[in-house]
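K.L.:
One structure coming up, written as structure tokens, with questions to follow.
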Amino acid sequence: QVQLVESGGGLVQAGGSLRLSCAASGRILKINSMGWYRQAPGRQRELVATLISGGSPNYADSVKGRFTISRDNAKKTAYLQMNSLKPEDTAVYYCNADIIWSNFYRERDRWGQGTQVTVSS
């Protein structure tokens, strides 16, 4: 069974940094894209950053210049380096992946369980 497991969330002061990780496991043939979304209380889930294999990263305007998404294909892991964090970045951060299983089934929206990021002012 394919799983996405996030880690690296926590509590940080404004201006600080955190690095989130998302590790995919299971009988995976290929990961087409991986990305990060977030959901703050009372708000809809929103895109933070995505990275397609062989492509350029895509960022929400609110995080451009502060966040960096990267991938280690060998480890099937995506990272989100978050710098200059602001209180408005507080949310549950979810990893998302577009995966092709070993049986060639494509799952376009596999989600992780989420990791809490809290930025204090």
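Please treat every number below as a calculation from the coordinates, not as lab data. Given the structure is predicted, the values throughout are model-derived calculations rather than measurements. Glycine gets a Cβ as well: all are built from the backbone with ideal geometry, and neighbour counts include every protein chain shown.
K.L.:
Search the stretch 64-85 for residues being more than 13 Å from the chain's Cα centre (by Cα) and surrounded by 15 or more Cβ atoms within 10 Å (Cβ to Cβ), and hand back the single one that is farthest from Lys30 (Cα to Cα).
P.N.:
Result: Leu85.
K.L.:
Out of the strands (runs of 3 or more DSSP E) lying entirely within the stretch 1-55, which hold 3 or more residues that are closer than 27 Å to Phe104 by Cβ?
P.N.:
Once the strands (runs of 3 or more DSSP E) in the stretch 1-55 are filtered for at least 3 residues that are closer than 27 Å to Phe104 by Cβ, what remains is 3-7, 18-25, 28-39, 46-52.
K.L.:
Within the stretch 8-58, track down each residue that is in contact (Cβ under 8 Å) with a residue 60 or more places away in the chain, surrounded by 13 or more Cβ atoms within 10 Å (Cβ to Cβ) and of a type in the set (A, V, I, L, M, F, W, C).
P.N.:
The answer is Val12, Ala14, Leu18, Leu20, Cys22, Ala24, Ile28, Ile31, Met34, Trp36.
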